[in-house]
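J.: There's a structure below that I have some questions on.
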Amino acid sequence: MSIIAYRSMIRRQQIKANARASFSLFRIKSAEGFQYRLAFMAGASTSILWGLIEIAVLTAFYHYAENRDAGITAGLTLRQVVTYAWLVQMLFIMQPMNIDRDIYNLITSGNVGIEPAHASSHRLSV
């Protein structure tokens, strides 16, 4: 076997190894992305289902509880309540479900009030 053929064979093996490693990373990242997509779909479907249940309950209240003869009327119309329920469900997604570990440690240790003082004292000393 000549040196050129040997180098060519080694190069092909390196390319195959790199391709396998790249494909393996691609599969891992795809699975990780699928996990996040699945979690998003589960959260969105839960919000939609909860919104529908809330609207059904509120519709029943509005249908049976309003008695104009007795002077009992709602402050909002049913359409406004339905809009409010969907708005609550859409804004619930924006609510953070976890907190940064550094901020949590500052809060639990009581240093959350000291931290802004450190930043201002450094600025004054310059």
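The values are calculated or read from the model by the stated rules, or taken from the named source; none is laboratory data. Since the structure is predicted, the reported quantities are computational estimates derived from the model, not experimental observations. Cβ sites come from the backbone with ideal geometry, for glycine too, and all protein chains shown count toward neighbours.
J.: Just one of the numbered conditions (1) surrounded by 10 or more Cβ atoms within 10 Å (Cβ to Cβ); (2) in contact with a Leu (Cβ under 9 Å, 6 or more places away or on another chain) is not true of His63; which one?
T.: Every condition holds for His63 apart from (1).
J.: Now a separate question. Restricting attention to segment 67-105, which residues are at pLDDT below 80 and assigned to a loop (DSSP other than H, G, I, E, B)?
T.: Gly71, Thr73, Ala74, Gly75, Ile93, Met94, Gln95, Pro96, Met97, Asn98, Ile99, Asp100
J.: Here's a follow-up. I'd like to check something: does segment 42-49 contain any residue that is modelled with pLDDT of 75 or more and either surrounded by fewer than 10 Cβ atoms within 10 Å (Cβ to Cβ) or among the charged types (D, E, K, R) (or both)?
T.: no
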